[in-house]
Each structure stands twice: as structure tokens, then as C-alpha cells.
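Data block below; observations after.
The values are calculated or read from the model by the stated rules, or taken from the named source; none is laboratory data. The model shown is predicted, which means the values in this text are computed figures rather than measured ones. A quick note on method: Cβ atoms are made from the backbone with ideal geometry, for glycine too, and the neighbour counts reach across all protein chains shown. All accessible areas refer to the heavy atoms of the entire protein, side chains included, with ligands and DNA or RNA removed. Shrake-Rupley method; radii C 1.70, N 1.55, O 1.52, S 1.80 Å.
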Amino acid sequence: MFGYRVPAPDEAMLISGGRRGLKGAPFRVVTGHGTFVLPVFRKVRFLTLAMSESEVAETCVTKQGIVLTVRAVIAFKVGNDNESIVNAGQRFLSEQEQMSVLTGRIFSGHLRSIIGSMTVEEIVTERQKLATEVLETSKTEMGKIGLIVDSFQIQSIDDGDTGYIEAMSAPHKAAIQRQAKIAEAQATQASVEAQQEAARNQAEYERQTAIVEAEYKAEVDRAQAQSAQAGPLAQAHAQQEVLAAQTELAERAAQLRQQELVAEVVKPAEAEAERIKVVALAEAERMKIQAEAAASHDRVALDQLLIDQLPQIVKEAATGLSQANVNVLNGADGLGEVAAGLVSQGLTILDTVKQNLGKPAEGKPAGASSRTAPTPRPGPDDGPVAIP
């Protein structure tokens, strides 16, 4: 619309030619909104409120007399209040770029003044303190010209060819280098230890792998060996079972043959021996009974039988024992004991018979049988019998 003017967000609109501004200012200030401006009767100018920058490169002398070149950057702008805008407009409205030049000169002066009261060590180690002091001392002057400082940063401090700062930093450099070497050595040692640990882990892994592979191979070999031996082992087991069966069969055949031999030989022999023993016992018992009967009832017939048999007995005994002098001791068994008894008894009986036959018995009629007391048979408990 004709006559309506609006300032930019970072501008202040200064309207002159009408009523005065605040506190008797020669112009009226409008910010953030538009207004009607009468052409010809009013004049409008714009003052930037944007951030501006100024660089400082100043040669300063410290308290120790060391020459330093200090570089700094100042960030500033026109204040947002009407008073600051009026002060800046009256000074920089026609040449607004002069704000940076003037600001740099103001800060250069304060920078030289403050550095002159400090040592190099303080300047280097307390750089922020230096910046704060410069900012505080320049604030009043900057306010008078309507400017405010947002930031003041020292970029570099250079002592030229004096080497003071480098010499000052030498112990720190040495310490830093020493720490760096220590850290490097520690890092190298840690790296070596890590490599050794990795090598040990790799070796352990390879060892475990080799063990597992060996166990697997051994298991495979055992399985293959068992598989290869399965046939022969089965055949051997079968042959062993056959041999065991044959052995058992042979043992049973031997036992059967032994039982047959016992049945065929031993049992008949035992039965025959038992029969002979029974017959012998019966015969002995019969002879004993006959002897007792003869002794008690019919001794005459027995004497006659003995008389009839004595010559032959004596003859047989004399034939076998001719020219012999034999002693039969207690304990003689079998036929020797019987023969000794018979011979002894026969000789005795024969002698008695000869005597009786030579003379008749007294007090008895002729032709009567004469009985003599039976001569006892030698027994196994009798002493030795002497045979001439």
C-alpha cells in the first residue's frame, strides 16, 4: 500500500522529518511492525540489527617484556532497545560498516592494556580469563555507541622468534612425550600380550581340534576294526560253540562209557566178589556146624575119617615140607596158615593114632571104638607152630 513501510526482522526503521522520537531523539524508531510514512514529508532509513564480526590482530607486550601477537574475533550487534538503536543510528547509519572498524580498535586498546599487566604464563594458561577481562572493560564503551558484544574469542598467541612459549612448553612437552612413550609402550605391551593371548588361544583351539579329530579318527578306526573283525569273530564264536558242544558231547560219551564199564565190569566183579564172599561165609558156617555136630554126636566117624586121611595128609605135608624147618608166625594169611595148622594137627593126630593102634584101650572090650579128645585147631591167636 502506498506510504506503508515495514522493516525486516533484523532491521530497525528510522523515520525522520516528523515528531521527535523517544527522549528527544531526532527520529522515530520502529521495529517488528510496519507504519504509514507520508511521502515527501517523512524520510525512512534502515539500520541493521544483525550480528557483525570484527577481527583483531594486535602486537602486545607482556609484563615480562615479551612481545606477543594476539589474534581475536569479536561478535557484536546493535542493541535491541531504542536507546542503543538511537545511539548506533546517530553514529553508523550512513556508514554502517564502520561499526566493525571501530569495535576492533576499541578491543585492541583494551587487549594491549590487559596483556601488559599479565605474564606469558598467565596469558597462555588463563586465556579465558583474559578474554573475560577484555570483554568487561570494553562493555561500557561499546554501550555508549549502541553496540553489545555477544562473544570475544582469542584465536592465537604467538611470541614470534623468541621461543619463549616453546621453551615454556618444553617440560610439558617432555612430560607429554614421556607419557606418550609410556602409553605407546603400554599399548605395545598390551598389543604383544593380546597377540600372545591370541596365539595361545589359537594353539589351544588347534590342540582341542587335533584332540577331537584324533578321538573321532580313533572312534572311526575302532568302528572299522570292529566291523572288519565282526565276521571272523562271529565265525570264531561259532567254531568255539561247536567245539564246546563237541567237548560236552565227548564228556557225556566218556561218562556214558564209564557208566557202561561200571555196569559191565565193576558191578559184575563186585557182585561176583560178594557172591564168593557169601559162599565162603556159608561154607565156613557149614563146616563150623558140621564140626560142632561131629564133636558132640559122632566123634568116632570123624576120627575114622581123619585116620583114613592122615597118611595122605602127612604124606602131602611131608612131601612139601621135606628137609624144611618152618616157623609160621601169627598173622600168616591164606593157605600158609591153613597148611601149617593141618600139618601140625595131622602129625599130632597121626602120632596119637599110632599109639592107640599099638595097644588096646584099658577097661574096654576089644573091638570097641576108642575116642580121643579132639586136638584143637591152631587159630589166628595161637603162637607160632613149629614143623620139623
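Below, the figures for the structure above:
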item	result
Rounded to whole Hz, the Karplus (6.51, -1.76, 1.60) HN-Hα couplings of region 232-248, x for glycine and proline	x, 5, 5, 5, 4, 5, 4, 4, 4, 5, 5, 4, 5, 5, 5, 4, 4
Carbon/sulfur fraction of accessible area - region 150-307, other protein chains in place, 1.4 Å, %	59
Added length on full extension, which subtracts the Cα-Cα distance from 0.36 nm per residue, Gln312 to Glu248	16.5 nm
Residue-by-residue Karplus 3J(HN,Hα) for region 99-105, coefficients 6.51, -1.76, 1.60, Hz, glycine and proline x	4, 5, 5, 5, 4, x, 5
Out-of-range pairs (alpha-carbon distance over 29 Å; input Lys77/Lys173; Lys63/Lys139; Lys129/Lys181; Lys63/Lys181)	Lys77/Lys173; Lys129/Lys181; Lys63/Lys181
Karplus-derived 3J(HN,Hα), 6.51/-1.76/1.60, for each residue of region 206-222, Hz, glycine and proline x	5, 5, 4, 4, 5, 5, 5, 5, 5, 4, 5, 5, 4, 5, 5, 4, 4
Share of carbon and sulfur in the accessible heavy-atom surface of region 48-102 [1.4 Å probe, %]	43
Projected label distance in nm at Ser191 and Leu102, using a 7 Å step from Cα toward the beta-carbon	6.0
Amide H contacts under 5 Å for Met118, placed H, 5+ residues apart	Lys63
Candidates per chymotrypsin sites (Phe, Trp or Tyr not before Pro) in region 47-140, loop by DSSP, up to 11 other Cβ within 10 Å	none
Sequence-distant residues sharing a close amide H with Leu68 (under 5 Å, placed H)	Cys60, Val61, Thr62
Mean accessible surface per residue for region 185-260, computed with a 1.4 Å probe while every protein chain stays in place, in Å²	85
